[in-house]
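A.B. asks: Please find one structure pasted underneath; my questions will follow.
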Amino acid sequence: MSYTPIQLLENWILRQASDDGQAWLDTQREAVTTGEPKSLYMAFGFTPRKIGKADLQLTERDINDAAEARPGWQPQTWTIDQAARVLLLMSLPSEDDAAWFATIEKLFQTAEVREQICLYQALQLLPHQELFDDRLAEGIRTNIQTVFCAIAHCNPLPMELMQEPAWNQMVLKALFIGAALDPIEGLDQRVNPDLARMLIDFAHERRAAKRPIPVELWRVAAPFADEIALEDMKALYATGETLEKSAIALALVSTALDEADAILQTDPEIAKRAESGSITWREIAQQAYPS
Amino acid sequence: MKFIDPHIHVTSRTTDDYEAMAAAGVAAIIEPAFWLGQPRTNIGSFQDYFSSLVGFEKFRAAQFGIRHYCTIGLNSKEANNEALAEQVMELMPLFLAKENVVAVGEIGFDDMTAAEEKYLRIQLEMAKEVNLPILIHTPHRNKKQGTYRSMDIIEEHEIPPHMVVIDHNNEETCEEVLRRGYWTAFTIYPKTKMGNERMVEVVKKYGAERIIIDSSADWGVSDPLAVPKTGNLMLERGIPQEHVELTCYKNALAAYGQSGQFEESDWLSPEPIDQRSLFEGNSVLRGGQTPRVDKPEDDRIIQ
Ligand SMILES: [Zn+2]
């Protein structure tokens, strides 16, 4: 039996919230259905005080249900107030898409950090998602890493909505601000020559400045590796730390280049692990960005 | 010793100030919404200003280990632009419930016009509705009259004095403000408001109950270290530590703690969830910068 996102959110909150919090939320959702923005604005603001801010307690099964209800949805990082706020947003009448959009935009414009995180994660469950591609492109210009990650990580919308320039900026910026690439949904599907070129330039510049290069970069750059990239990878494969070597090996294995094979042969031990699948990008990201 | 500066306009200060404040023991600050030095000409300016108080500035302060709170309100000077003031009243409900909003303020009088009084009253009612404390700005000119008039109006609205901080007091006004039961705040601001030697004398005379010290540091010639400097001066001049703690920390905590949004545990042992969204992995403006560098080994070298 499969559930809708609304049913799942309701179940999770029911399981975890106090009776008072639950009753408050029901009343507010009722008020929001009238479409009056003020009731949404006030309720949205007061949610953490009424419902609490605890992490959502989810089982493996809940996470599977979520992915079934909305492909790409990963609520593992959500909090209970976030879930409650999304239910409030989903209660707002949306037939008049211009009015609906104006109300949601106002929330974005006036949101504090946790609210922004919530709103960017909420969009994947809301109607009229196509109206938000500019909002996402604007959102990744933030200087607040947690807000950036709410857009870039565990969120299927960038992959689904973003134009290529915005997508490329998002991946590049993630590397600049020290955010992992692995949690970006659709990362491997949306690699493209422009993005790879920017990453190859970036890596080369970093190497010239004797600065470390984020190891996940090679995952996206390698499919379009040119001479410069191969030379950089070769040098780093000879001198790098194990993590860097593993990443380069994994990246090189995925390309079908003869030059790649030649580089891999210089450290066949690591190359073998990359080929056999005993190194994964997930593990590399976890080691590169321990939480 | 830890300090709270419950009235400082850090939006107009630099990161050097934040570093110095954290080093001097300032753990938490409150930034009241106020005048930016020139009048705002449209509602969007207010919206973006309020947003920065509840968003980016809170985040920026956290990068330096300082917990940032704010108050939201229409200041007295700008209440005189009635067309704009009306729009600000419509905007305020979007902000009063934000997590770091601990009061409605700073509101009150500047010129003591009818418009100033009108929006003071509207905002007092708003504060009552959401059960938030109130921060009252008292005027520079005609201070005594303005201060007394503000308290009369608050009493007309049947707001209990323990929910109200009256700020920018001096030797002339503090006796009456204390007598009527309000939190009585003093701004240590070079040359204009209070000096900290005078402040020492006030505490010697009136004790520490309900007295609050702040810097109101802003875009003018002011001192973001005014609270720790005054605290240390009080200790030097023989005021008991307990009184210093009350005036430079605990009274502000008690007054604004009534919002339910201002708790010592926020900065002494932050909840993991807040730590996640405020501190972990973040940097102020650029990727890869280490948020806090205590002493670079050699400051001629730029890494
Ligand atoms: Zn002020």
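The values are calculated or read from the model by the stated rules, or taken from the named source; none is laboratory data. This is a predicted model, so every value here is computed, not measured. Please note: Cβ atoms are built from the backbone with ideal geometry, for glycine as well, and neighbour counts cover all protein chains shown. Ligands, DNA and RNA are excluded from the accessible area calculation, which covers all protein heavy atoms including side chains. Shrake-Rupley method; radii C 1.70, N 1.55, O 1.52, S 1.80 Å.
A.B. asks: How large are Rg and Dmax for segment B:3-259 when calculated on the C-alpha trace, in angstrom?
C.D. replies: 16.8, 52
A.B. asks: For chain B, what is the accessible area per residue in Å² when the probe is 1.4 Å? If you can, show how the numbers build up before the last one.
C.D. replies: Numbers: 12490 Å² over 303 residues.
Each residue of chain B exposes 41 Å² on average to a 1.4 Å probe.
A.B. asks: Then there's this: Plugging the Kirkwood radius over Cα pairs into Stokes-Einstein for segment A:140-231, at a temperature of 4 °C and a viscosity of 1.567 mPa s, what D comes out in µm²/s? Could you put the intermediate results ahead of the total?
C.D. replies: Numbers: Rh = 13.4 Å.
Estimated diffusion coefficient is 97 µm²/s.
A.B. asks: Could you tell me what fraction of 2.2 N^0.38 Å the Cα radius of gyration of segment A:5-162 comes to, as a two-decimal ratio?
C.D. replies: Values: Rg = 14.6 Å, N = 158, 2.2 N^0.38 = 15.1 Å.
Segment A:5-162 yields a ratio of 0.97.
A.B. asks: Measure nothing but the geometry: give the 0 to 90° angle between the long axis through the Cα atoms of A:19-32 and the longest principal axis through the Cα atoms of chain A, rounded to 10°.
C.D. replies: Rounded to the nearest ten degrees, it is 80.
A.B. asks: If you don't mind, another one. For the protein assembly as shown, which whole-number percentage of the solvent-accessible area (1.4 Å probe, protein heavy atoms only) is attributable to carbon and sulfur atoms? Let's see the in-between values first.
C.D. replies: Details: 12630 of 25400 Å².
C and S atoms contribute 50 percent here.
A.B. asks: For chain B, with a Gaussian network of springs between Cα atoms less than 10 Å apart, report the residue from B:M163, B:M89, B:M21 with the top mean-square fluctuation.
C.D. replies: B:M89
A.B. asks: When chain A is modelled as a GNM with alpha-carbon springs shorter than 10 Å, which of A:I51, A:I144, A:I200 fluctuates the most?
C.D. replies: Ranking A:I51, A:I144, A:I200 by mean-square fluctuation puts A:I144 first.
A.B. asks: For segment A:189-254, report the translational diffusion coefficient in µm²/s to the nearest whole number, using Stokes-Einstein at 4 °C, 1.567 mPa s, and a Kirkwood Rh over Cα pairs. Don't jump to the answer; show the numbers that get you there.
C.D. replies: Numbers: Rh = 11.6 Å.
D = 112 µm²/s.
A.B. asks: Follow-up question, since we're still on this one. Between 0 and 90 degrees, rounded to the nearest ten: what's the tilt of helix A:5-16 against the longest Cα principal axis of chain A?
C.D. replies: Taking Cα atoms only, the helix is inclined about 80 degrees.
A.B. asks: Ok, one more. Report, to one decimal in Å, the Kirkwood hydrodynamic radius for the protein assembly as shown based on all distinct Cα pairs. Present the calculation step by step, with values, prior to reporting the outcome.
C.D. replies: On the way: mean 1/r = 0.0378 Å⁻¹.
When all Cα pairs of the protein assembly as shown are included, the Kirkwood radius is 26.5 Å.
A.B. asks: Between A:S2 and A:K272, what is the label-to-label distance in nm when each label sits 7 Å out along the Cα-to-Cβ direction?
C.D. replies: 4.4
A.B. asks: Rounded to the nearest 500, what is the 222 nm mean residue ellipticity of chain A from helices alone, with -39500 (n - 2.57) per DSSP H run of 4+ residues and division by all residues? Display every interim value, and only then the final one.
C.D. replies: On the way: 18 runs with 190 residues, N = 291.
Result for chain A: -19500 deg cm²/dmol, rounded to the nearest 500.
A.B. asks: Springs between alpha-carbon atoms under 10 Å, Gaussian network over chain B: tell me which of B:V202, B:V244, B:V101 tops the mean-square fluctuations.
C.D. replies: B:V202
A.B. asks: In the protein assembly as shown, what % of DSSP beta bridges are antiparallel (nearest 5)? Please list the in-between numbers first.
C.D. replies: Numbers: 2 of 26 bridges.
In the protein assembly as shown, DSSP labels about 10 percent of beta bridges as antiparallel.
A.B. asks: Right, another one. Which residues, if any, in segment B:20-54 lose at least 40 square angstrom of accessible heavy-atom surface (probe 1.4 Å) when the other protein chains sit next to their chain rather than the chain being alone?
C.D. replies: Hits at the 40 Å² cut-off: B:Q47.
A.B. asks: To the nearest 100 Å², how much accessible surface do chains A and B cover up together, summed over both, with a 1.4 Å probe?
C.D. replies: Working: alone 14130 and 13770 Å², together 25400 Å².
Summed over both sides, the interface buries about 2500 Å².
A.B. asks: Percent of Cα-Cα pairs more than 12 Å apart in segment B:7-65, please. Before the final figure, lay out each step's value.
C.D. replies: On the way: 1178 of 1711 pairs.
Considering segment B:7-65, 69 percent of its Cα-Cα pairs are separated by more than 12 Å.
A.B. asks: Could I ask something else about it? For the pair A:A67/B:T14, report the inter-label distance in nm, with labels modelled 7 Å from Cα in the Cβ direction.
C.D. replies: Once both label points are built, they end up 5.1 nm from each other.
A.B. asks: Lys/Arg Cβ at +1, Asp/Glu Cβ at -1, dipole of segment B:3-259 taken about the Cα centre: which of B:G207, B:I66, B:A252 is farthest positive-ward?
C.D. replies: The listed residue farthest towards the positive side: B:G207.
A.B. asks: Could you give the angle, 0 to 90 degrees to the nearest 10, between helix A:113-122's Cα long axis and the longest principal axis of the Cα atoms of chain A?
C.D. replies: The helix A:113-122 is inclined about 90 degrees to chain A.
A.B. asks: If you wrap a convex hull around the Cα atoms of segment B:173-253, how much volume per residue is inside, in Å³?
C.D. replies: On the way: hull volume 7.0 nm³, N = 81.
That works out to 87 Å³ per residue.
A.B. asks: Under unit Cβ charges (Lys, Arg +1; Asp, Glu -1), what dipole magnitude, rounded to 20 debye, does chain B have relative to its Cα centre?
C.D. replies: Working: 31 positive and 47 negative charges, 84 e Å.
So the magnitude is around 400 debye.
A.B. asks: So how do B:K205, A:K210, A:K173, B:K191 rank on accessible area, 1.4 Å probe, biggest first, that is with the largest at the start? Working shown, then result.
C.D. replies: Working: B:K205 145, A:K210 180, A:K173 40, B:K191 205 Å².
Putting B:K205, A:K210, A:K173, B:K191 in descending order of accessible area: B:K191, A:K210, B:K205, A:K173.
A.B. asks: Here's another thing I want to ask about it. Going by a 1.4 Å probe on protein heavy atoms, which residues of segment A:41-72 end up with at least 50 Å² less accessible surface in the whole assembly than in their chain alone?
C.D. replies: Buried on complex formation: A:M42, A:R49, A:K53.
A.B. asks: Using +1 on the beta carbon of Lys and Arg, -1 on that of Asp and Glu, and nothing else charged, what's the dipole of the protein assembly as shown about the Cα centre, debye to 20?
C.D. replies: Values: 57 positive and 91 negative charges, 279 e Å.
For this selection, approximately 1340 debye.
A.B. asks: What translational diffusion coefficient, in µm²/s and rounded to a whole number, does the Stokes-Einstein relation yield for chain A at 20 °C and a viscosity of 1.002 mPa s, taking the hydrodynamic radius as the Kirkwood radius over Cα pairs? Please list the in-between numbers first.
C.D. replies: Working: Rh = 20.8 Å.
Translational D for this selection: 103 µm²/s.
A.B. asks: Among B:S216, B:H243, B:V227, pick out the residue whose Cα is farthest towards the positive end of the charge dipole of segment B:199-244, where Lys and Arg carry +1 and Asp and Glu carry -1 on C-beta, about the Cα centre.
C.D. replies: It is B:H243.
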